[in-house]
1. Could you work out how much longer the chain between N377 and C151 gets when fully extended? Use 0.36 nm per residue separation minus the Cα distance between them, nm to one decimal.
2. Place +1 on the Cβ of every Lys and Arg and -1 on the Cβ of every Asp and Glu in the chain, take the dipole about the Cα centre, and give the residue among V156, S284, A334 whose Cα lies farthest towards its positive end.
3. Would you work out the relative contact order for the chain, in percent, from Cα pairs under 8 angstrom that are 6 or more residues apart?
4. For a quick check of understanding: with a 1.4 angstrom probe and all protein chains in place, what accessible area in square angstrom does Y27 have, to the nearest ten?
5. When we measure straight from the Cα of K381, which lysines land under 21 angstrom away, once same-chain ones fewer than 8 places off are left out?
6. Over 16 Å apart: what share of the alpha carbon pairs of the stretch 296-338 falls there, rounded to a whole percent?
7. In units of 2.2 N^0.38 Å, what is the alpha-carbon radius of gyration of the chain?
8. For I157, what charge total do you get from the other residues with a beta carbon under 11 Å from its beta carbon, if Lys and Arg give +1 and Asp and Glu give -1?
Amino acid sequence: MKKIIYHLILFCLFVSTAATAQKREKYEFMRNLPVYADSLIADLTYPMAWGNSNMTDFDQWKRMARQKVFDCMLMPPPPPADGYKAKVISEEKRDGYTARKIEIRLSRYYTVPAYVLIPDGKGPFPAVNLLHDHGAHLFIGKEKMIRPLACEDSTVIKDAEEWSVGYDRQFFGDFLASQGYVVLSTDAPMWGERGQKEGAKRDRYDMIAGNMMMYGIDLSAWMTYDDIAATDYLASMPEVDSSRIGCTGWSMGAYRAWMLSALSDRISAGAAVCWMVTTDEQMSFKYDRTENGGFANCFPGLRRWLDYPHVASIACPKPMLFINGSQDKLFPVAGVEKAFRIMHDTWESQGAGDKIDTQLWDMPHSCGKKSQQYVLNFFNKYLQ
């Protein structure tokens, strides 16, 4: 009995010690950053940025910069042998449009679940690739953007309704479809029906992304590659006018939107709500928040060449809209304003200053009805 009690005491001591992080007097990292973070930031000179590189031909610079981004995205998913084909899983009529659940073969390795909304009437229609957010909530993906079809499990439907609070309880995709746009929304890798068998857990994303690196694959890059491929599929739909395709999203969806706008010639106009900043502000010790998405927006080595607004500037001279919130705790206002200035300088250098719209509103990290209406007005101006 004494021996049992002794072992129980040892076990309790072990658990207590494990629960409290053991600390050394010397260390090299704190608050998820290296202690020399400021020195790293000082050494980021972005030599390939427009205005920093020695290139004076903008089209040539765009080709070079885009190729550098693709180089940092590592291996792309192998395309399907017979093109991007889709299978309809379910269909239902809604007020002014039809909703479908489909599966698209975007790679030889996998099919991607998606929702598509098609307006009533005679097309072809303008279209939007609608890109879902991160939110540290991986159980749903496309269902964040488009109201789930009745074929879905009641848990999925309930979860989507609850998540719509961040969108003022208005499903962005349904709103755009009611205004005459074909809308496509896919699950990103690790979200919704592309998640983990064991269940959706935020910390598993980073573990799986690290494991994917062992295959020579960047999981964030595959999200972007899939967005490019999904846009190609969208352009092939008979209901879609392929010359009038836009993309938009909130938070990680906004990041996906300006990345897609920069890397796909299919996109004619892009709108990003609440994701733009400069690395020096995002990754410094000046703020409580020291990263926004981690592996979900990380291409190996890219910061040695281009910052976020430099990559977004590859979209120039396309019409682009960026909305951020001054009360958004994820993106320091100083970094947002710097990024906006960089992009305005680029568009203005190409005589396209009227094609970029940057808005800093008194709002938190959200995409309510006001933002959605502003995005709609922007698309109506350039896509209708």
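The values are calculated or read from the model by the stated rules, or taken from the named source; none is laboratory data. Keep in mind it's a predicted model, so treat the numbers as computed, not measured. As a convention, Cβ positions derive from the backbone with ideal geometry for all residues, glycine included, and neighbour counts pool all protein chains shown. Each accessible area value is taken on the protein alone, full model and side chains, heavy atoms only, with ligands, DNA and RNA left out. Shrake-Rupley method; radii C 1.70, N 1.55, O 1.52, S 1.80 Å.
1. 78.1 nm
2. V156
3. 18
4. Here the accessible area works out near 150 Å².
5. Those lysines meeting the cut-off are K122, K318, K355, K369, K370.
6. Summing the P(r) tail past 16 Å for the stretch 296-338 gives 53 percent.
7. Relative to the rule-of-thumb radius for its length, the chain sits at 1.06.
8. With Lys, Arg at +1 and Asp, Glu at -1, the net is -4.
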